[in-house]
Amino acid sequence: MKICILSRNRRLYSTRRLIETAEKRGHEVQVVDVLRCYMNIVSKKPSVHFEGEPLQGFDAVIPRIGASVTAYGTSVLRQFEMMGTYTLVESVALSRSRDKLRSLQLLSRKGVGLPVTGFANKPGDTRDLIKMVGGAPLVIKLLEGTQGIGVVLAETAKAAESVIEAFMGLQANILVQEFIKEAGGSDIRCLVVGGKVVAAMKRQGAEGEFRSNLHRGGSASLVKITPEERATAVSAAKILGLSVAGVDLLRSERGPLVMEVNSSPGLEGIENASGKDVAAIIIGELEKNARPGNTATRGVKG
């Protein structure tokens, strides 16, 4: 099988593991910088070009598209789908998951457990917005933030008002969310592949840090998840249409709550914590499903 990995850096752990695993299983792999791709949008024979040559003959595409290049990345991914190429994560699901507000709305509609969340553009009453999510302490998040960047814990109502007003002054889109105190600065990352949780880890924030991101000094350890947590993670990935997803859960007094669903989950932390060969599981999912025209974006075949 000929596989294209859309990644801006082939030296990243996740990209390296996918390359190594695919090649060990006899597949041919080409890593392509998605920002250096360009597209020929023409009737009946759409194409993607890279370094002066058309990218063709691929059986599957694995997108490892960073949040900062989501818009262009999903456009390239959509073009591959229009060519009839199987994509491990589809363009619609990728863009949906990157829109934090949209993803929360979809999960909410299906009854998935979530922290109480407020969203506003220019609230006529900031105090009512704070009250709506249960008051302080509360968490304020930039919609476009990743890896814990743009996430603030406001411990008092006054602090919350100040932070919200500051973000509003910068014309930033934010979510205001209840703080789940009983989670104790930790969350559970469930790696879902093909509708199953294949690995899980507990991420614990550093001392004095409420964010559990490993990039912010958090630690990871093996964790045994409950049947309810497993079902919640699988359901969240399915609702967003993701065949591969990192679902972040908070353990609360009212059950598991979905904090975020990541469409390009990193492999290093969860492989080290769980001891699972997640890269092999992902390539196995690719082998099972990669066939021409197996895409949600139905287009003509190139």
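The values are calculated or read from the model by the stated rules, or taken from the named source; none is laboratory data. Since this is a predicted model, take the numbers as computed values, not measurements. Positions of Cβ are backbone-derived with ideal geometry, glycine not excepted, and every protein chain shown enters the neighbour counts.
Select from the stretch 143-179 the residues that are assigned to a loop (DSSP other than H, G, I, E, B) and in contact with a Pro (Cβ under 6 Å, 6 or more places away or on another chain) and list them in ascending order.
Those that are assigned to a loop (DSSP other than H, G, I, E, B) and in contact with a Pro (Cβ under 6 Å, 6 or more places away or on another chain): GLU155, PHE179.
What residue, among those in the stretch 27-54 that are part of a loop (DSSP other than H, G, I, E, B) and at pLDDT 95 or above, is surrounded by the most Cβ atoms within 10 Å (Cβ to Cβ)?
HIS27
Against the condition out of contact with any strand residue (DSSP E or B) (no Cβ under 9 Å at 6 or more places or on another chain), surrounded by fewer than 22 Cβ atoms within 10 Å (Cβ to Cβ) and at pLDDT below 95, how does LEU170 come out, does it pass?
Working: out of contact with any strand residue (DSSP E or B) (no Cβ under 9 Å at 6 or more places or on another chain): yes; surrounded by fewer than 22 Cβ atoms within 10 Å (Cβ to Cβ): yes; at pLDDT below 95: yes.
Yes.
Can you tell me which residues in the stretch 69-91 are in contact (Cβ under 8 Å) with a residue 40 or more places away in the chain, out of contact with any strand residue (DSSP E or B) (no Cβ under 6 Å at 6 or more places or on another chain) and under 14 Å from SER264 (Cα atoms)?
Selection gives VAL69, GLY73, GLU90, SER91.
Yes/no matrix, rows are residues, columns are (1) under 22 Å from VAL244 (Cβ atoms); (2) assigned to a loop (DSSP other than H, G, I, E, B):
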| position | (1), (2) |
| --- | --- |
| SER95 | yes, no |
| SER103 | yes, no |
| SER108 | no, no |
| VAL112 | yes, yes |
| PRO115 | no, yes |
| GLY118 | no, no |
| ARG127 | no, no |
| GLY134 | no, yes |
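Do we have GLY111 as more than 19 Å from the chain's Cα centre (by Cα) and surrounded by fewer than 17 Cβ atoms within 10 Å (Cβ to Cβ) here?
Criteria met by GLY111.
Which members of the stretch 246-283 meet the condition of being in contact with a Ser or Thr (Cβ under 7 Å, 6 or more places away or on another chain) and assigned to a loop (DSSP other than H, G, I, E, B)?
SER263, GLY266, LEU267
Restricting attention to the stretch 202-245, report how many residues are modelled with pLDDT of 95 or more and assigned to a strand (DSSP E or B).
2
Which residue is surrounded by the most Cβ atoms within 10 Å (Cβ to Cβ), if the candidates are limited to the stretch 1-26 and must be within 20 Å of LEU267 (Cα to Cα), modelled with pLDDT of 95 or more and among the charged types (D, E, K, R)?
Restricting to residues being within 20 Å of LEU267 (Cα to Cα), modelled with pLDDT of 95 or more and among the charged types (D, E, K, R), the top hit is ARG17.
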